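So the structure is just underneath, and the comments pick up after that.
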Amino acid sequence: MSALLQDLRFALRLLVKNPGFALIAAIIMALGIGANTAIFTIVNKVLLEPLPFRDVDRIVQVWHTPPQSSFPGMTTFSISPANFLDWQRENHVFESMALYSGASFDLTGTGKPESIGASPVTNGFFSVLGVEPIHGRTFRAEENNPGQNREVVLSYKFWQTHYAADPAAVGKTINLDHEPYTIVGVMGPAMNKPGFAQMWVPKAFTPAEAAIRSNHNYLAVARLKPGVTLEQAQAEMNTISQHLEQAYPTDDKGWGAVIHPLREETVGNVRPALLMMLGAVAFVLLIACANVANLLLARTFSRRKEIAIRTAMGARRARIVQQLLGESVLISLLGGALGLVAAHFGIQLLLKLFAAQLPQLGEITLNGPVLAFTFALSLLTGILSGLLPAVSMTRGDASDALKQGLGHTDAVGGSSAARSALVVVEVALSLVLLIGAGLMIRSLSKLQTINPGFDQKNVLTVNVQINKKQFADATQESQFAQQIIERVRAIPGVASAGAIDDLPLNGGSNQPVAIQGHPALSLSEQPEVSVRVATPGYFETMRIPLLQGRVIGPDDRTGSAAVVVISQSMAKQFWPNGDAIGHYLKLSFFPNEDRQVVGVVGDVKQSGLISSAGMATLYWPAAQTVAPIDSPWMSRPFALVVRTTVPPRTLATAITDAVHQIGKDTPVDNVLTLEEFVDATLTQQSFNMQLLTIFGLLALILCTVGIYSVLAYSVKRGMKDIGLRIAFGATRSDVVRFVITQAIKPTAIGVAIGLTAAWSLSRLVKSMVYGVSTRDTLTFVVVTAILVLVAVAASLIPAMRATHIDPLAVIRDE
């Protein structure tokens, strides 16, 4: 230990005497370590840390599995109340079960009206998760009865922003949808189920609602009994599903159940992207290590005589290696300290840019495990970057080093081969990262060129939360919405306006449909179509093309003939050999109402740009909406779409004011241009592309620095050789060609290795690219060309410096 401390002090003195070298090497290390620390911090929080629930390994998410005849390709589906209650009664594997859903409430009486995301939950929801409030209590069993469910539990964030974290908020009244709710509790910051919930309210089913099996609008969580495995629970749920299918064939034929661990449900979507990013930053770190190793190799080679003298005087090689490694470890530890600073700001930037793609798991910070990871990583990188230079300098005969002059070229030694090998590694790793980034860029570019079925230019979208409870019936609600649309249309600069319950690309309601003249099917076997509720003006504003018949008009209201407009894919699916216009159909949730098809419009992508183009869609006139069946998802904003003749953003305030002129307590939020809305649906692809591009560019910069440093050192150490070439008549172009060739050789080898590795690893990103092959020739060629050009550019400065060598001065010095 005494010898180790002595060597570290000696290494520290050497670094202090060469601050420029130490700082450059530490900064290179900081880039690699900082990037790894930032990504590991997020990976640790999302994938490694336990979820903030008691005995989380026993908590599962329970789903329906739908009939494949109606939902081809779908493996999970939301749950109906009656089926859930049967699961709850008949199972012997769960300690407890609970339902939850999504809803939105109008928050009034606190100034500007707001639309608040909430989660109605059944009895025992919080106990299933094993969480307790930090203030107050959760719901009592009797508060899940109709008429007694006017209590609310606040999220920690809502409590902070609306009540300044005042514990006295418990017991106060809050106005939700113009009704008083009593605040009974506040959850801690770790409670994040579901992620959108700013508060929780009791879900009270009436006897009629509890008997519904066809309304799949809820989600379920359950806690396994001690000792029960997932396999045992799944087997029992399969048995219960078979029993329900036999007992209720009309509603439950083909419907099963599947159980997933809660962690898998929480992080499953982001796991591949995060693991890919962790691999990418590991490549960046290896490139940084190769860079620093090159710098150390050059530095230690200049100390050949010193090391040879120490060896000749009896110093053991292990001691020399230890001393040289001490220098690299000190550099790496300094790089780790700088990397922590870079990681802190990097995490904040990542969370700001990509918060929507990450599960809401609480605050992500540099904690103890992350600091330990950074320290261990710094030690490891210090050893990796210093090992090759240390071993290289202790090889060979010390007497040879003592005989050589400082002006003598060492390019012939093993050092040159080692430095070139490190350049090969840097080029290969950089090429793999850049090809990955190129594939992501190409994929995102392909997605952005997909025709969504509407014209997204010059359109503003606004969410308007209409509280259904303030109207006596659906007719009054429709009239209120139409008044808002008419007021908006009167704004100067507005070309047209309309509304729909769910914007395209955003999912929405799917419902079974029965076609008049087709064979009768049970509800569980009926085909599902996407159902949208739209107002007059919607199709014109979105410029969805009319193919046959007409679109929804002002005369399609309550009391007039019940009609629908359908998409081209729906027309082809149900009337492939004839005209769909004039035919009748029936939505099975409204079995007493036949509706006539009066128009066919172009296909619109309803569930994302990557979804299949031909999604059968049915558009229902908003003015003909009847009182809907119980559905927590029906209580949400309608999307107002406004096409403008001026930049859409300039009318945002005027549109908001127009809404409040009709309903002063009507919340307005999510004001976006339609182009921004479409881009927001590509956030996961954008996340993958931007991060991989950042790491690819970082790798390219480090690779460029590596090539430049190797050539600069080679020129310095090979001055005699270059001087003799010039003395014997070599021109400036000959010298430039000679130096650049030294860069091209290891670059070419690195490119060959990198292309092979990228070709082999391309399957790992298959699930993340769209519209382009993971072995896309154009991407491979362009990225390779860029890397070669950068390598040539990095060699130009050392090459031009070599042309100014004075051959007489070099020979005289030698």
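Data table
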read-out: Residue, most open to solvent (accessible area, probe 1.4 Å), within the stretch 98-123, restricted to residues that are in contact with a Phe, Trp or Tyr (Cβ under 9 Å, 6 or more places away or on another chain) and either farther than 24 Å from Gln198 by Cβ or in a loop (DSSP other than H, G, I, E, B) (or both); value: Asn123
read-out: Test: Thr617 is polar (S, T, N, Q) and modelled with pLDDT of 90 or more; value: yes
read-out: Flag if Leu523 is open to solvent by 20 Å² or more (accessible area, probe 1.4 Å) and hydrophobic (A, V, I, L, M, F, W, C); value: yes
read-out: Scope the stretch 749-766; condition without any contact (Cβ under 8 Å) to a residue 12 or more places away in the chain and surrounded by 14 or more Cβ atoms within 10 Å (Cβ to Cβ); matching residues; value: Ala752
read-out: Lone qualifier among Ser385, Ser416, Ser378 - being of a type outside the set (D, E, K, R), closer than 24 Å to Ile28 by Cα, part of a helix (DSSP H, G or I) and at pLDDT below 70; value: Ser416
read-out: Checklist (1) open to solvent by less than 40 Å² (accessible area, probe 1.4 Å); (2) touching a residue at least 60 places away in the same chain (Cβ under 8 Å) applied to Gly517, failing item; value: (1)
read-out: Filter pass, Gly130 being in contact with a Phe, Trp or Tyr (Cβ under 8 Å, 6 or more places away or on another chain) and either surrounded by 13 or more Cβ atoms within 10 Å (Cβ to Cβ) or not aromatic (Phe, Trp, Tyr) (or both); value: yes
read-out: Candidate set from the stretch 698-756 (those that are of a type in the set (S, T, N, Q) and under 26 Å from Ile33 (Cα atoms)); member that is modelled with the lowest pLDDT; value: Ser709
read-out: Which listed residue, of Ile786, Ile744, Ile722, is of a type outside the set (Lys, Arg) and closer than 17 Å to Leu422 by Cα; value: Ile744
read-out: Residue within the stretch 57-70 that is among the charged types (D, E, K, R), open to solvent by 10 Å² or more (accessible area, probe 1.4 Å) and farther than 20 Å from Thr122 by Cβ present; value: yes
read-out: Enumeration of residues in the stretch 428-458 that are open to solvent by less than 10 Å² (accessible area, probe 1.4 Å) and at pLDDT below 85; value: Leu447
read-out: Inter-residue pairs, beta-carbon under 8 Å, first within 21 Å of Phe454 (Cβ to Cβ) and in the stretch 538-563, second open to solvent by 70 Å² or more (accessible area, probe 1.4 Å), 6+ apart; value: Phe539/Leu546; Gln548/Asp579; Val551/Glu540
read-out: Filtered residues of the stretch 240-254 (kept if at pLDDT 90 or above and open to solvent by less than 50 Å² (accessible area, probe 1.4 Å)); value: Ile240, Ser241, Leu244
read-out: Selection within the stretch 3-13 - more than 14 Å from Val321 (Cβ to Cβ) and either acidic (Asp, Glu) or at pLDDT 75 or above (or both); value: Leu5, Arg9, Leu12, Arg13
read-out: Matching residues in the stretch 222-239 - criterion: being among the basic types (Lys, Arg) and either in contact with a helix residue (DSSP H, G or I) (Cβ under 6 Å, 6 or more places away or on another chain) or surrounded by 18 or more Cβ atoms within 10 Å (Cβ to Cβ) (or both); value: Arg223
read-out: Members of the stretch 485-517 found to be part of a loop (DSSP other than H, G, I, E, B), aliphatic (A, V, I, L, M) and closer than 17 Å to Val531 by Cβ, listed by number; value: Leu503, Leu505
read-out: Where Pro536 falls short, out of the listed (1) open to solvent by 20 Å² or more (accessible area, probe 1.4 Å); (2) outside any loop (DSSP other than H, G, I, E, B); value: (2)
read-out: Filter result (touching a strand residue (DSSP E or B) at 6+ places or on another chain (Cβ under 9 Å), of a type outside the set (Ser, Thr, Tyr) and open to solvent by 10 Å² or more (accessible area, probe 1.4 Å)) within the stretch 72-84; value: Met74, Phe77
read-out: Test: residue in the stretch 767-776 that is open to solvent by 20 Å² or more (accessible area, probe 1.4 Å), modelled with pLDDT under 85 and assigned to a helix (DSSP H, G or I); value: yes
read-out: Some residue of the stretch 7-21 being closer than 20 Å to Leu379 by Cβ, open to solvent by less than 40 Å² (accessible area, probe 1.4 Å) and of a type in the set (D, E, K, R); value: yes
read-out: Count of residues meeting criterion [open to solvent by less than 10 Å² (accessible area, probe 1.4 Å) and in contact with a strand residue (DSSP E or B) (Cβ under 6 Å, 6 or more places away or on another chain)] in the stretch 203-220; value: 2
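Residues are listed down the side, and each one gets a yes or a no for (1) out of contact with any Lys or Arg (no Cβ under 9 Å at 6 or more places or on another chain); (2) of a type in the set (Ser, Thr, Tyr); (3) on the phi > 0 side of the Ramachandran plot; (4) open to solvent by 50 Å² or more (accessible area, probe 1.4 Å):
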{"site": "Gly663", "(1), (2), (3), (4)": "yes, no, no, no"}
{"site": "Val671", "(1), (2), (3), (4)": "no, no, no, no"}
{"site": "Gln685", "(1), (2), (3), (4)": "yes, no, no, no"}
{"site": "Ile701", "(1), (2), (3), (4)": "yes, no, no, yes"}
{"site": "Thr704", "(1), (2), (3), (4)": "yes, yes, no, no"}
{"site": "Asp721", "(1), (2), (3), (4)": "yes, no, no, yes"}
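The values are calculated or read from the model by the stated rules, or taken from the named source; none is laboratory data. Only a predicted model underlies this, so the values are computations on that prediction, with no experimental measurement involved. Note: ideal-geometry Cβ built from the backbone for every residue, glycine included; neighbour counts use all protein chains shown. Quick note on the areas: whole protein, heavy atoms, side chains included, nothing else; ligands and nucleic acids left out. Shrake-Rupley method; radii C 1.70, N 1.55, O 1.52, S 1.80 Å.
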